[in-house]
1. Probe of 1.4 angstrom, ligands and nucleic acids ignored: what's the accessible area per residue over the stretch 50-167, in square angstrom?
2. Nearest 500 deg cm²/dmol is fine: what mean residue ellipticity at 222 nm does the chain get from its DSSP H runs of n ≥ 4 alone, each adding -39,500 (n - 2.57), divided by its residue count?
3. I want to verify a result. In a Gaussian network model of the chain, Cα cutoff 10 Å, which of these has the top mean-square fluctuation: Ile34, Ile23, Ile145?
4. Could you look at the chain and say what percent of its accessible area is carbon and sulfur, using a 1.4 Å probe and all protein chains?
5. Accessible area of Thr50, 1.4 Å probe, to the nearest 10 Å²?
6. For the chain, modelled as a Gaussian network with Cα springs under 10 Å, which listed residue fluctuates most, Phe40, Phe134, Phe87?
7. Where Rh is the Kirkwood radius over the Cα pairs of the chain, the temperature 10 °C and the viscosity 1.306 mPa s, what D in µm²/s does Stokes-Einstein return?
8. Where in the chain lies the longest segment free of trypsin sites (Lys or Arg not before Pro) that are both loop residues by DSSP (not H, G, I, E, B) and have at most 13 other Cβ atoms within 10 Å?
Amino acid sequence: MYLPRLFAVIVLGYLFGSINNAIIITRLVKGEDIRTQGNFNAGTMNVLRTVGKPWGILVAVLDALKAALPMLISRLVWFDDLSPAAFFAVFAAGAAAIIGHWKPIYHNFKGGRSVGCSLGVYLFIVPFEFIISFLISGLFVIAFIKNVKFKFGQWVPIVFIVFTCCF
């Protein structure tokens, strides 16, 4: 009974992850395809730079939610115990969402870099550590990374992953 449920949550995660919020938001706001603008990437940072900060933040939040939501559904519906197998299945749903964002079936397997989805998985699995690491990462980048264009979009996720592993 475990394997069919595991397969279902992986498919669910992948299909949720394949919904590309950057493409959808840009089309709704500007009527254009984000993949033809900026760095030609269908991701949060390209929306932030080409469409605007509020829309980029919205895409980031939606990308994090599209990874966390299948994990939550998996946890509540199919894997409600605290076993290692249940934890693995819930994590597999998040990992599938990350892969879905990176290689979305709905958009010819051309997606974003999956940073927002990865943050959603981190937030779901280790919420306290996520918040602390994100704050420390932002402060670290402000204090030590100078004269770099787009330092928050490029450096905070990198520093964040390093700090999250430390907690």
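1. 58 Å²
2. My calculation for the chain gives -23000 deg cm²/dmol from helical runs alone.
3. Ile145
4. Of all accessible area on the chain, carbon and sulfur atoms account for 75 percent.
5. Accessible surface of Thr50 is approximately 40 Å².
6. Answer for the Gaussian network model of the chain: Phe40.
7. Result for D is 97 µm²/s.
8. By the stated rule (loop sites, at most 13 other Cβ atoms within 10 Å), 1-145.
The values are calculated or read from the model by the stated rules, or taken from the named source; none is laboratory data. A quick note: this is a predicted structure, and the numbers were derived from the prediction, not measured. A quick note on method: Cβ atoms are made from the backbone with ideal geometry, for glycine too, and the neighbour counts reach across all protein chains shown. Side chains are part of the model used for accessible areas, which takes the heavy atoms of the whole protein and leaves out ligands, DNA and RNA. Shrake-Rupley method; radii C 1.70, N 1.55, O 1.52, S 1.80 Å.
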